[in-house]
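A short worksheet on the structure shown next.
The values are calculated or read from the model by the stated rules, or taken from the named source; none is laboratory data. Everything numeric in this text was worked out from a predicted model, so none of it was measured. Here Cβ is always computed from backbone atoms with ideal geometry, including for glycine, and neighbour counts include all displayed protein chains. These area figures cover heavy atoms from the full protein model, side chains too; ligands, DNA and RNA do not enter into them. Shrake-Rupley method; radii C 1.70, N 1.55, O 1.52, S 1.80 Å.
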Amino acid sequence: MPEAAQCVTHQDLGRDAGVDLPFKDLLQGRVARGVDVNDAFTPGPDARDAGSCGAVLPGGDDVWCGQPAPWASLGWDQFTIASGATRVRRVGVSTDEGRSSSGGQVSRSLSYVELELGGADPKGVADFVRRAFQRCAHGTAAQVQGLSAVTGEVPSMVGGVHEADAFAFLTSKRVAWVILDGRPWTPAERKRALAAIAGHLRQG
């Protein structure tokens, strides 16, 4: 029986309170923070074997907006291959700010995904992410903290009845996106989080 192809390597980077995350000072104020997701995907030793590990990004009109970003209808292993990224990093954090007197949501959550491109984008993932955010998050091109970005909104995934803020950052070395969910973030909280992420993306 042939050995299964090793298309992608998945690494759990830990969820302890002191775990190292890509950005610092993300959440404003002295709120309890939990790490919900912290992992990475990298191409495995057989990633270049198109017969065993082939995966491609959907065409411009083939994204399905009823799923979470990036709306590619691919698992993370497949998306890693299809994107051409040298590394895909996922981070999810949430705050513990209790509940309001009416029982409503007062805590925040943040979902972040970063694609390291290694200075090249052979499979056009930056253009795919740009178009996907324009279509599924009703995004518009903008400058966010001095970086080229697409800003939009997506339905809340954390019990909210409001829209969650969505931002995709497009740099020459990295493509990343972040969803700010939970209770609506204040302008100061949003600015602090985006500044921390932009500062990280400028490094290296």
Exercise for the section: Order the following by accessible area, largest value first: His10, His200, His162, His138. Probe radius 1.4 Å; ligands, DNA and RNA are ignored. Expected result: His138, His10, His162, His200
Practice task
For n ≥ 4 DSSP H runs only, could you compute -39500 (n - 2.57) per run for the chain, divide by its residues and tell me the 222 nm figure to the nearest 500?
Solution key: -6000 deg cm²/dmol
Exercise for the section: Take the solvent-accessible surface of the protein heavy atoms, probe 1.4 Å, and return the percent of it on the chain that carbon and sulfur atoms account for. Expected result: 50
Fill in the blank from the handout: Taking Cα pairs closer than 8 Å and at least 6 residues apart, the relative contact order of the chain in percent is 19
Handout entry: Extension gain from Met157 to Ser52, taking 0.36 nm per residue of separation minus the Cα-Cα distance
Key = 34.4 nm
Handout entry: Under 13 Å, Cβ to Cβ, from Gly54 - net charge with Lys/Arg +1 and Asp/Glu -1
Key = -1
Handout entry: R0 of 22 Å, Cβ-Cβ distance Leu21-Gln67: FRET efficiency to nearest 0.05
Key = 0.30
Practice task
Would you mind listing how long region 137-201 runs along its three principal axes, going by Cα atoms, in whole Å with the largest first?
Solution key: 35, 23, 16
Practice task
Could you calculate the FRET efficiency of Thr171 with Thr9 from 1/(1 + (r/R0)^6), where r is the beta carbon distance between them and R0 is 22 Å, rounded to 0.05?
Solution key: 0.35
Problem - Gain on full stretching of the segment that runs from Glu97 to Gln143 - 0.36 nm per residue minus C-alpha separation - result: 13.5 nm
Exercise for the section: Give, rounded to the nearest 20 debye, the magnitude of the charge dipole that the chain has about its Cα centre when Lys and Arg contribute +1 at Cβ and Asp and Glu contribute -1 at Cβ. Expected result: 680
Practice task
Using only C-alpha positions, report the orientation-averaged shadow area of the convex hull of the chain, nm², one decimal.
Solution key: 12.8
